[in-house]
1. Determine the percent antiparallel among the DSSP beta bridges restricted to the chain, to the nearest 5.
2. Which net charge results when you count Lys and Arg as +1 and Asp and Glu as -1 among the other residues whose beta-carbon is under 13 Å from that of residue 144?
3. From Cα coordinates alone, what are the radius of gyration and Dmax values for the chain in angstrom?
4. Angle, helix 219-228 long axis vs. longest principal axis of the chain, Cα atoms, 0 to 90°, nearest 10?
5. Place a +1 charge on the Cβ of each Lys and Arg in the chain and a -1 charge on the Cβ of each Asp and Glu, then give the dipole magnitude about the Cα centre in debye, rounded to the nearest 20.
6. For residue 223, what charge total do you get from the other residues with a beta carbon under 13 Å from its beta carbon, if Lys and Arg give +1 and Asp and Glu give -1?
7. Relative to the longest principal Cα axis of the chain, at what angle does helix 192-202 sit, 0 to 90 degrees, rounded to 10?
8. For the range 229-295, just run the numbers: alpha carbon Rg, then divide by 2.2 N^0.38 Å, N being how many residues it has.
Amino acid sequence: MGLKKKLASREFSVLAEMETPRGVDISELVVNAQRLKGRVDAVVVPDMDYGAMRLSALAGAALMQQQGFEAVMHVYARDRNQLALQGDLLGAYVLGVRNVIVVSGEPISHCDHRKAKPVDDLDEVAILRMIRRLQEGQDLAGFELKGSPVFTVGCTLPACADRNQFDAALEQARPKVAAGADYVVMAPVFDLEQALWQLDRAKELGVPVVPTVLLLKSVGMARYMAVNEPGAKISEAMIARIRKAHDREEECLRISAEIVSGLKGAAPAVKLQALGWEHRLPAVLDLAGMRSAPAGRGEAAPYPFILQAD
């Protein structure tokens, strides 16, 4: 069953985000992914959108496909013009990738290569329209394609500190849905009550809405996000809970698991975001009571990554 059908079904799905390495040693990525074998419905691969130079999402997504996962590749225009974006999307499809999420990358000023020149050839709505046009068999120059890709396409909602901001975000999401987004991924949520309200409000978009659960790692991380990202809604009570815990890392995992459990029934899926703690994702699933493996998993392809012609 493809991601689009999974999100439309009543079964609660789990997407796990896996960062690619800063280099070509993919052993840790593969090992962390294999720990989730049969436990997640898709693996999301970001594409340097957090500001650090890494192995490309195209390579990472193709690798995840070869390892037996359904891969979801991030797409954005900070680093690529429309020619490169179209070529990468066609290449991804040929390599087995059928799912993409159109995102907005970190500004270059926040990245580790600050002398790089941003491209920003297309905005998110324009990228979504470009993907739809490729699926219709034409590139942006109007030339007919020799074979058309078929993608399940997502877009994102930003973190919102209050209802007015969330209403404004919904208005910005409507053109994305109209341009072809099949589902929407919310920013990380920590306030379950707010998340449930937002999910109910977002039903008017008419597509599945997937909240993100970000694993906190420490009191310092929680405090930083509370101060600098008010839309995250990290409470003083949550920070105090981590600070007072006998095992603070374990408490962070429990908080993530509780949020995942609380979202069951309200959302069709969650996206787990670990930012370096991918090896702790199985523990979050255990604590959330999600131990059973989804049916229909294929076997992993041989490792290391070698493309094999039919």
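1. Values: 1 of 28 bridges.
Here the share of antiparallel DSSP bridges comes out near 5 percent.
2. Working: positive: 133, 146; negative: 136, 139.
Its environment carries a net charge of 0.
3. 18.9, 62
4. Compared with the principal axis, the helix lies near 70 degrees.
5. Details: 37 positive and 39 negative charges, 78 e Å.
The dipole magnitude comes to about 380 debye.
6. On the way: positive: 217, 241, 243, 248; negative: 229, 236.
So the environment of residue 223 carries a net charge of +2.
7. Long axis of 192-202 versus the principal axis of the chain: about 40 degrees.
8. Numbers: Rg = 12.9 Å, N = 67, 2.2 N^0.38 = 10.9 Å.
Here the answer is 1.19, to two decimals.
Bear in mind that the values in this text are calculations on the coordinates, not laboratory data. Please read all numbers here as calculations on a predicted model, not as lab measurements. Backbone-built Cβ (ideal geometry, glycine too); neighbour counts: all protein chains shown.
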